[in-house]
Amino acid sequence: MLDKVLKTSEFVVRHAKHVKINEDKVNELIDELLQFKHVHYLTQVPYGIYDMSTKDIINFLLIYDAIDFSFWGNHKWAIDVGEKKLDGGEALLHCIFYLFDGRDSIDVYKQLENMTLDRFKEILKGNIDIPLLEERYQIVTKIAKMVNEKMHGNFYDYIKKMHTDTEILETILSYFSSFEDTRTYQGETIYFYKLAQLLTSDILHVMKIKDKKKVDYSNLVGCADYKIPQVMESFGILEYDDELTSKLNEKREIAENSEYEVEIRASMIVVVHFIWKKIDKCIDRIDINDFIWGKGQDKTLNYKPYHLTRTTSY
């Protein structure tokens, strides 16, 4: 299943009209990558996530990762936490973590299945409504219903004996339709599975870090979003034609499933794979992905605008 992500992304890159890959520009990024000590992002957040049981962490992650998408806007959704203002995925993590914190996650899932939209809106209360509020609500309640009916309210218990990315990803895609993430390009189906790969990676990193289990996430190829291509373009690795550059600079929305969107996402996947081969596969592709994503979170760096696509995929 994961091989389809790379294979179909390579198809897009071969036929791309608006995006080119400049392989000669990867060396600067590789130099930084090889000096970087990989630390999974969940170990760095200022909450006691790893103080929770593995069961509760993974049940929390299923909900969090499922709705970790599309935060951009002219007025960006944000929340106040003390004297700090959080936005994007960091703000969402705060809201969902405190929904689970100190509670048995099985009880949380019972609540989530029957939760009202007004209650969900209150959980995510910020300066404005979060984009795609109703879509997120539908995703959460459907996932909770599926877990309660098919997994006895405990997603972790269902997958706890799985230690490979292929097993876990297939389970996620089989049971939770919201993780489906495909596009159509020149008549071909293109597979990305961004959030499904993210959740799979998070689950396996938690098992590895907290439970000291031997896991395999070597087949994950990368999470095609908007921040990683932004970093790649800033390094000159991704080159956009004048038409696409104009849209980005003017911050015009790019339609889901447009040539622009598919070519940007596919090119990102191919670049991660190229870097992986160039460094003799000494760092897994998902860890390369995470390193580049982390650079995109550095607000001190002056990046060009990222592409704006309203979607539940990323």
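Scanning segment 240-264 for residues that are over 20 Å from residue 314 (Cα atoms) and crowded, with 19+ Cβ neighbours inside 10 Å returns a single hit, 240. For the criterion of being in contact (Cβ under 8 Å) with a residue 40 or more places away in the chain, buried (at least 21 other Cβ atoms within 10 Å of the Cβ) and in contact with a helix residue (DSSP H, G or I) (Cβ under 9 Å, 6 or more places away or on another chain), residue 130 passes.
Looking at this structure, is residue 189 open to solvent by 70 Å² or more (accessible area, probe 1.4 Å), over 16 Å from the mean Cα position of the chain (by Cα) and among the β-branched types (Val, Ile, Thr)?
No, not satisfied.
Going through (1) in a helix (DSSP H, G or I); (2) open to solvent by less than 10 Å² (accessible area, probe 1.4 Å); (3) touching a Cys at 6+ places or on another chain (Cβ under 8 Å) one by one, residue 293 falls short only on (2). If you check 146, 151 for being open to solvent by 40 Å² or more (accessible area, probe 1.4 Å) and either modelled with pLDDT of 95 or more or of a type in the set (Lys, Arg) (or both), only one passes: 146.
With the structure loaded, tell me whether residue 16 is open to solvent by 20 Å² or more (accessible area, probe 1.4 Å), touching a helix residue (DSSP H, G or I) at 6+ places or on another chain (Cβ under 7 Å), in contact (Cβ under 8 Å) with a residue 60 or more places away in the chain and within 26 Å of residue 179 (Cβ to Cβ) or whether it fails that test.
Details: open to solvent by 20 Å² or more (accessible area, probe 1.4 Å): yes; touching a helix residue (DSSP H, G or I) at 6+ places or on another chain (Cβ under 7 Å): yes; in contact (Cβ under 8 Å) with a residue 60 or more places away in the chain: yes; within 26 Å of residue 179 (Cβ to Cβ): yes.
So residue 16 fits the description; yes.
Among the conditions (1) touching a Lys or Arg at 6+ places or on another chain (Cβ under 8 Å); (2) assigned to a loop (DSSP other than H, G, I, E, B), the only one that residue 311 does not satisfy is (1).
Could we say that residue 69 is buried (at least 21 other Cβ atoms within 10 Å of the Cβ), under 27 Å from residue 270 (Cα atoms), touching a residue at least 40 places away in the same chain (Cβ under 8 Å) and not charged (D, E, K, R) here? Yes.
Considering only residues in segment 154-181 that are among the polar types (S, T, N, Q) and in a helix (DSSP H, G or I), the one that is surrounded by the fewest Cβ atoms within 10 Å (Cβ to Cβ) turns out to be 174. If you go through segment 32-50 and keep only what is open to solvent by less than 90 Å² (accessible area, probe 1.4 Å), out of contact with any Leu (no Cβ under 6 Å at 6 or more places or on another chain) and not in a loop (DSSP other than H, G, I, E, B), you end up with 32, 33, 41, 42, 43, 50.
Taking first residues from segment 24-38 that are on the phi < 0 side of the Ramachandran plot and partners that are at pLDDT 95 or above and of a type outside the set (A, V, I, L, M, F, W, C), the Cβ contacts under 6 Å between residues at least 6 apart in sequence or on separate chains come to 25/236; 38/287.
Restricting to segment 212-232, name every residue that is open to solvent by less than 10 Å² (accessible area, probe 1.4 Å) and of a type in the set (A, V, I, L, M). Selection gives 220, 221, 224, 228, 231, 232.
The values are calculated or read from the model by the stated rules, or taken from the named source; none is laboratory data. These figures come from a predicted structure and were not determined experimentally. Please note: Cβ atoms are built from the backbone with ideal geometry, for glycine as well, and neighbour counts cover all protein chains shown. SASA here: full protein model, heavy atoms, side chains in, ligands and nucleic acids out. Shrake-Rupley method; radii C 1.70, N 1.55, O 1.52, S 1.80 Å.
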